[in-house]
Amino acid sequence: MDARKENDVRTDVMTARSVEEGLQRCRRDGVHPALLFMEQAGVPRSVALRVLCSPAYFRKQDARP
């Protein structure tokens, strides 16, 4: 069971980097290319969709240690 809270520090550095790159691609190319990139990079579809479809929840700064 995953005990992390929704706003916890990102612990998976590779996923975090892929999400950040996906957000940049979203701004540049749109949602669909960004979603395809994230899926190919191994970001879980539910995470990619939540991030791309909820810009109000974009992280304002990197919370990684």
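Look at segment 22-45 and say how many of its residues are within 8 Å of the chain's Cα centre (by Cα) and not small (Gly, Ala, Ser).
First, the residues of segment 22-45 that are within 8 Å of the chain's Cα centre (by Cα): 22-23, 38, 43.
Checking which are not small (Gly, Ala, Ser) leaves us with 23, 38, 43.
Qualifying residue count, segment 22-45: 3.
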Problem - Which numbered condition Phe37 misses (of (1) outside any helix (DSSP H, G or I); (2) at pLDDT 95 or above) - result: (1)
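The values are calculated or read from the model by the stated rules, or taken from the named source; none is laboratory data. The structure displayed is predicted, hence computed values, not measured ones.
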